[in-house]
Every structure is written in C-alpha cells, then in structure tokens.
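The structure under discussion appears below in the form of structure tokens.
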Amino acid sequence: MKKFKTLLNIYKEDGLDGVIYNILKKIGFKVRFPNILQKKRYLLGQKIAKKFNNTIFYGPYKGTVLLNDIAWSSNDLSSKYIGLYEIQIQKKIIELKDKFDLKYFVNLGAGDGFHIIGLLKKNYFQKGYAFEKDENSRILIKKNSKLNQLEDNLKIFGEANENFIDEYLKDLNLSQTLFLIDIEGAEYKIFNDKVFKKLSFSHMIFENHDKFSFINQNYIKNFNQIIKKNFNSEIIKTGSRDPGNFAEFDDFSDNDRWLMMSEGRRWNMTWQIVSPKNI
C-alpha cells in the first residue's frame with residue numbers, strides 16, 4: 001500500500017513518465033529524466049550554451065563563463081545562461097553588499113558555482129569561500145574559477161558541518177561577510193545557537209526547505225526561534241520573468257521561451273534574508 005501511494009504521488013507530480021522512471025531506476029536501469037519537460041529544458045540549455053559559448057549574457061553576472069557540465073543539475077542551464085536564475089537573490093546579494101559595504105562571500109551548497117563565480121567575476125566581493133559536498137561539483141567549481149581567472153580569490157571546501165566556521169573561516173571578518181546557504185534542509189541542524197552566536201554580526205540568505213517532509217520539525221522551530229530573537233529577517237519569493245524581453249529568442253516557440261525561464265521548482269520557492277538587529 002505504501003509503495004502504491006508513493007507511485008501515486010509520483011504520477012501526480014510527473015505523470016506516467018515519472019512512474020516509469022522510478023520503476024526503471026529501482027531495477028537498476030540508468031535513466032536520467034523523470035519527465036519529458038525536464039528533458040526538454042535540458043536540451044534547451046544545451047542549445048543556449050552553444051549559442052552563447054557557455055557565457056552568461058544578461059543580468060548582474062553578465063560575461064561570466066559557466067561550464068556546461070552534467071556533474072550538477074543541468075535542467076536549469078537555460079535560466080543560468082540567460083542570467084535570470086534566482087535573479088531576485090542576485091539582486092538582494094548586491095543590495096546587501098552595497099548597503100553594508102560587505103567584502104567577503106561564503107556560499108554553503110555552491111553547486112556549480114553560479115553565484116559565487118559570478119559575484120567574484122564582477123568584483124562584487126574581494127574573496128569567496130565555497131562549500132559543496134559533491135566531489136564532481138567541487139571539480140566543476142574549480143574549473144569555472146580557472147576559466148574566469150579567479151583561483152586566487154576563491155577557496156573551495158567540502159561539506160560544511162557545525163564547526164565549519166572554526167575549521168575554515170576563523171580568520172575571516174564575519175561582520176563584513178555575506179552567507180548564502182542552500183543545503184537542502186541541513187541548515188536546520190548546522191545553524192544552531194552556537195553557530196548563530198558566531199554570526200551575530202553577519203548577513204545571511206537561506207533558501208527555505210521547510211516544506212521537505214523528511215526534516216525534523218523541532219529543528220525548524222528552533223532555527224526560526226533563534227532568528228526571530230536575535231536577527232531581523234524578511235522573506236522573498238521567486239521573481240517574475242518575461243521571455244519577451246530577449247530579442248535573441250524571438251525565433252523560439254512560445255513553449256520553448258517560457259520553459260527557458262523555468263528553474264524546475266516543485267513549488268514557489270522562498271528565501272529568508274537574515275541581518276543583525278544591532279545594525
């Protein structure tokens with residue numbers, strides 16, 4: 001009965017494609033796309049990568065080279081090369097940097113390096129520190145840093161734990177540092193009272209994962225209580241995107257142009273912007 005309910009939920013999410021994908025994976029077949037839309041977004045990403053020579057052509061990170069590599073999620077490549085991927089976060093990062101004269105950027109869950117590479121490439125921050133648990137993604141970040149001539153400005157580490165500040169950032173001026181955290185729910189465990197105390201003068205942006213059913217609700221409750229007590233915070237949502245703004249895609253169909261705007265989210269994502277109360 002439990003397996004049937006799981007398959008039913010998959011069917012509601014991805015249709016028959018998703019059910020077949022799930023069954024094939026369980027019996028050992030190597031399949032990549034759970035539905036036809038993800039495959040289409042991937043193929044569009046490949047097309048745009050080739051069109052613009054793996055270079056972001058719009059937005060705050062314009063001119064940044066980003067390798068087209070499947071080590072990380074390749075279904076959101078279109079929005080990355082266009083420059084619209086998490087555009088509301090790109091703008092918020094730059095707003096905080098300018099408002100508080102921040103100099104250092106720490107990215108937990110750096111993925112392929114989209115944000116940290118783009119920010120360093122455009123000289124928004126002096127130094128960057130990337131944490132990423134996936135080895136292939138760390139290799140990709142290193143390649144991207146080299147292509148953008150950023151090796152001296154960026155340090156790359158593995159998975160962050162509760163002691164990541166003392167182990168890797170103990171000499172960093174945390175009051176001049178902005179943290180971007182996207183670690184799929186692990187933030188609720190890592191960012192405890194001890195860590196938040198060390199970051200009492202820092203600015204942080206958390207991608208919210210409180211809708212993930214596997215996360216202990218007590219961790220989430222404690223996490224939010226600490227923030228409410230010690231920091232100012234605001235919630236922002238995914239921003240709007242208009243494919244009609246890009247003449248480069250006038251020859252693409254409506255379906256393809258709108259798919260290029262997609263980041264493949266399961267729901268309308270939110271981010272929590274956290275800043276010290278005493279500033």
- Item | Hits in segment 250-272 (condition: under 27 Å from E184 (Cβ atoms) and either of a type in the set (A, V, I, L, M, F, W, C) or not in a loop (DSSP other than H, G, I, E, B) (or both)) | W258, L259, M260, M261, W267, M269, T270, W271, Q272
- Item | Residues (within 20 Å of N54 (Cβ to Cβ) and open to solvent by 40 Å² or more (accessible area, probe 1.4 Å)) located in segment 135-152 | N136, R138, I139, K142, K143, K146, L147, Q149, E151
- Task: Look at I183 and say whether it is open to solvent by 30 Å² or more (accessible area, probe 1.4 Å), out of contact with any Asp or Glu (no Cβ under 7 Å at 6 or more places or on another chain) and of a type outside the set (S, T, N, Q).
- Result: yes
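With the structure loaded, tell me whether L102 is at pLDDT 90 or above, closer than 30 Å to L199 by Cβ, touching a His at 6+ places or on another chain (Cβ under 8 Å) and assigned to a loop (DSSP other than H, G, I, E, B) or whether it fails that test.
Here the answer is yes, as L102 does meet what is asked.
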- Here are some conditions: (1) closer than 19 Å to F114 by Cβ; (2) more than 17 Å from the chain's Cα centre (by Cα). E184 meets all but one. Which one does it not meet? (2)
- Query: Is there any pair linking a residue in segment 240-259 that is touching a residue at least 12 places away in the same chain (Cβ under 8 Å) and under 13 Å from Y58 (Cα atoms) to one that is basic (K, R) and open to solvent by 70 Å² or more (accessible area, probe 1.4 Å), with Cβ under 9 Å and at least six apart or on different chains, and which?
  - Reply: E248/K51
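Okay, residues lined up against (1) assigned to a loop (DSSP other than H, G, I, E, B); (2) surrounded by 14 or more Cβ atoms within 10 Å (Cβ to Cβ); (3) of a type in the set (A, V, I, L, M); (4) at pLDDT 90 or above:
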residue: D17; (1), (2), (3), (4): no, yes, no, no
residue: K25; (1), (2), (3), (4): no, no, no, no
residue: K30; (1), (2), (3), (4): yes, no, no, no
residue: L37; (1), (2), (3), (4): no, yes, yes, no
residue: K50; (1), (2), (3), (4): no, no, no, yes
residue: Y58; (1), (2), (3), (4): yes, yes, no, yes
residue: W72; (1), (2), (3), (4): yes, yes, no, no
residue: K80; (1), (2), (3), (4): no, yes, no, yes
- Could you give every pair whose Cβ atoms fall below 8 Å, whose first residue belongs to segment 103-131 and is more than 13 Å from K155 (Cβ to Cβ) and among the hydroxyl-bearing types (S, T, Y), and whose second residue is open to solvent by 20 Å² or more (accessible area, probe 1.4 Å) and part of a helix (DSSP H, G or I), counting only separations of at least 6 or pairs across chains? Y124/I94; Y124/K97
- Go through (1) open to solvent by 60 Å² or more (accessible area, probe 1.4 Å); (2) under 21 Å from F196 (Cβ atoms) one by one and return the number of the condition K155 breaks. (2)
- Task: Determine if segment 257-278 includes at least one residue that is at pLDDT 90 or above, charged (D, E, K, R) and on the phi < 0 side of the Ramachandran plot.
- Result: yes
- When both residues are 6+ apart or on different chains and their Cβ atoms are under 7 Å apart, which pairs have a first residue that lies in segment 264-278 and is farther than 18 Å from S79 by Cα and of a type in the set (K, R), and a second that is open to solvent by 20 Å² or more (accessible area, probe 1.4 Å) and at pLDDT 80 or above? K277/N230; K277/N232
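The values are calculated or read from the model by the stated rules, or taken from the named source; none is laboratory data. In this text, all values refer to a predicted model and were calculated from it rather than measured experimentally. We place every Cβ from the backbone using ideal geometry, glycine too, and count neighbours over all the protein chains shown. What goes into the accessible areas is simple: the full protein's heavy atoms, side chains included, and nothing from ligands, DNA or RNA. Shrake-Rupley method; radii C 1.70, N 1.55, O 1.52, S 1.80 Å.
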